[in-house]
1. Taking the residues in the range B:328-344 that are surrounded by fewer than 19 Cβ atoms within 10 Å (Cβ to Cβ) and hydrophobic (A, V, I, L, M, F, W, C) as candidates, determine which candidate is nearest to the other protein chains (Cβ to nearest Cβ).
2. Of the residues A:Arg33, A:Arg52, only one is modelled with pLDDT under 90, of a type outside the set (Phe, Trp, Tyr) and surrounded by 18 or more Cβ atoms within 10 Å (Cβ to Cβ); which?
3. Might you let me know whether the range B:288-298 holds any residue that is part of a helix (DSSP H, G or I), surrounded by 18 or more Cβ atoms within 10 Å (Cβ to Cβ) and touching a helix residue (DSSP H, G or I) at 6+ places or on another chain (Cβ under 8 Å)?
4. With the requirement that a residue be within 14 Å of chain A (Cβ to nearest Cβ) and touching a residue at least 40 places away in the same chain (Cβ under 8 Å), what does the range B:357-391 give you?
5. Quick check on the range A:93-122: of everything there that is outside any loop (DSSP other than H, G, I, E, B) and within 21 Å of the chain's Cα centre (by Cα), which residue is nearest to the other protein chains (Cβ to nearest Cβ)?
6. Which residues, counting only those in the range A:7-30, are touching a helix residue (DSSP H, G or I) at 6+ places or on another chain (Cβ under 9 Å) and either charged (D, E, K, R) or surrounded by 14 or more Cβ atoms within 10 Å (Cβ to Cβ) (or both)?
7. Have a look at B:Ser314, B:Ser347 and point out the one that is crowded, with 18+ Cβ neighbours inside 10 Å, in a helix (DSSP H, G or I), more than 24 Å from the chain's Cα centre (by Cα) and not acidic (Asp, Glu).
8. If you check B:Leu312, B:Leu279, B:Leu326, which single one turns out to be in contact (Cβ under 8 Å) with a residue 60 or more places away in the chain, of a type outside the set (Lys, Arg) and over 25 Å from B:Leu232 (Cα atoms)?
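The values are calculated or read from the model by the stated rules, or taken from the named source; none is laboratory data. Quick caveat, the model's predicted, so the values are computed rather than measured. Here the Cβ is made from the backbone with ideal geometry for all residues, glycine too, and neighbour counts use every protein chain on show.
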Amino acid sequence: MKVSDEVAIEISGMNKWFGSFHVLRDINLTVYRGERIVICGPSGSGKSTLIRCINRLEEHQQGTIMVEGTELSSDLKNIDKIRSEVGMCFQHFNLFPHLTILENCTLAPIWVRKTPKKEAEETAMHFLEKVKIPEQANKYPGQLSGGQQQRVAIARSLCMKPRIMLFDEPTSALDPEMIAEVLDTMIELAEEGMTMLCVTHEMGFARKVANRVIFMDAGQIVEQNEPEEFFNNPQSDRTKLFLSQILGH
Amino acid sequence: MSEVHSMKDLTFVRREMLPEKEPPVGERGAIKWVRENLFSGVFNTVMTLISLFVIWYVLQGLLPWFISPSWGQESLAACREHFEELGQTLEQACWGVIRDRMNQLLYGFYPQDSYWRPNVALLVLLAGLAPVLFPSIPRKAVFFSLASPFIIYLLLWGGPIWTPILVAAGFALGFVAAKALNGVNPIVAAIAAVLVPVLFWFLILPPLANVLTSAAPIGLAFIASNEFGGFLLSVVIGVSAIILSLPLGIVLALARTSDLFIVHKLSVGFIEIIRGVPLIVWLFTASLLLNYFLPPGTNFDLTLRVIIMVTLFSAAYIAEVVRGGLAALPKGQYEGADSLGLGYWQSMRLIILPQALKISIPGIVNTFIGLFKDTTLVVFIGLLDPIGLTNSIRASTDWNGIYWELYVFIGVMFFIFCYSMGRYSLHLEKKLQREHR
């Protein structure tokens, strides 16, 4: 797993407020192509908000965010362009319940990329096979288990052929038995060299897959390091406390 | 204590999983249902008996009035004579009035030799609605649905065939213009979609229609709106307003949930003003006040004015119902659509509205049912809907003094319309429930 020196995402001096609450403070982060970054931290530390800023589900008020060379501003054209290149998976999957699995996967390629329907369906089946649920293609999301739904959500994002994937606590709403199947899919994706930013509490996944772990607290990046160093030799007291709490039992 | 515990063996290992079994015999079938639902205890048994008595009491009072051999009678006096001959002492209905005045109740003063026109129009309406209401019908049939309003207009009002064709052509031109300009700029396309047909209708349509009519005078005899009456009038007003108010209501709901300040405020203002004033006031506005604002000499059809008012009125209600549906969707659906790069209109059309409308079905149909019954209010501005006709029927010497029979008939007719709408809404809800889960 190699990391190139081409920049995928460049965030500099970024600040964000919810009303008067300063939720992200002076974020500086450069993500290189092919990097697998795990972001962890206590709840309310701003880690979800950070990755949601990258595809403009949240608006930032100060600083700049460049994604694949395009700057995020309020220009709708730029936003739609970036969103079609950045895939996202949510904690609650956010599949469209009124569409079949296949329709969920072909919708955006057909309407945003203007792919012919037949081609879009072939691509969708390819990715559904990759996440190992091609036989569910004609069912509705409500008929699938949580783990299967999350794998569909990953396939749905991949159908847009994104260059970057964002994961917002993808396994937090799943039963323990289903977490493994989703993590396996994500690991496979990482091995293919996808640029990934992942907010998660799965420290095993972080150790195995990440090439960088970022720890956030109170809207700031407190510490970032390679996983080996981060887990075995944390520097700040806040990180030590956090790690002792989540790894303590 | 610990010794007692240690003596008990708490380990357990299941070697075989249990198979599924049927419930015991006494716990299934019709007998169980009757026992559980009607006679499940002393109190419920007493309640069941009392209810049965009340039902019997009401029916024994009503049924003799309803079941009355008076269908053939020619006047109220003839009815009374007939009952006397039969030696009936109880008060009984005189159904002869319904037979005698059926045509008037259904068509108002529509010319008798043209009754086939509304009849065919009704068939066209049903055929046009079918592909919209039942998706199992082939999609191509939707083109007939699009053409049906123009066919229905031609059948009901008549006049040269060219006017409805040219009006339809205006819509087609707008569509073509929008399609052609969409690649250039979506806003220009939207403006063209409105401007092209309007210009066409006002500048090109009147002279062109004249030329075509003098060249090829095909058409039906013109029948003015003031000859419409009875259920024909109710259905014309009700169905037009229902069909027009749904899209308008959806647009208002989207505007009200929009981030654009002025669009939002305009929509809120419109909805609150329309909703805050009784429909009857708006109908009086339509019939009296609009004449002051229109240039003198313009003849703006009263029925058309009423249709517009009723449409605006129910659109305000629909907008609020749909807004409820929009608010009920989880935020994740909006974010899911956004994260895939879908634009606003795409995500509304493909993701948000299909789900929001599904949630709103009971409320929307509820509004439609209310609207349809409210069409009877037009009696107050002098239109002859079925209620209005009861007065003119009573004005004849034959039927002077007849009330209940007419109102019961009108009530039953309205009930049939509204009940069908309610059943369709239930069917749709169940179907969508099954499909989406």
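1. Applying the filter and picking the extreme gives B:Leu329.
2. A:Arg33
3. Looking for residues that are part of a helix (DSSP H, G or I), surrounded by 18 or more Cβ atoms within 10 Å (Cβ to Cβ) and touching a helix residue (DSSP H, G or I) at 6+ places or on another chain (Cβ under 8 Å), one finds none in the range B:288-298, hence no.
4. B:Leu357, B:Lys358, B:Ile361
5. Restricting to residues being outside any loop (DSSP other than H, G, I, E, B) and within 21 Å of the chain's Cα centre (by Cα), the top hit is A:Ala108.
6. If the condition is that a residue be touching a helix residue (DSSP H, G or I) at 6+ places or on another chain (Cβ under 9 Å) and either charged (D, E, K, R) or surrounded by 14 or more Cβ atoms within 10 Å (Cβ to Cβ) (or both), then A:Ile9, A:Ile11, A:Met14, A:Lys16, A:Val23, A:Leu24, A:Ile27, A:Leu29 are the ones that fit.
7. Every option except B:Ser347 fails the conditions.
8. B:Leu326
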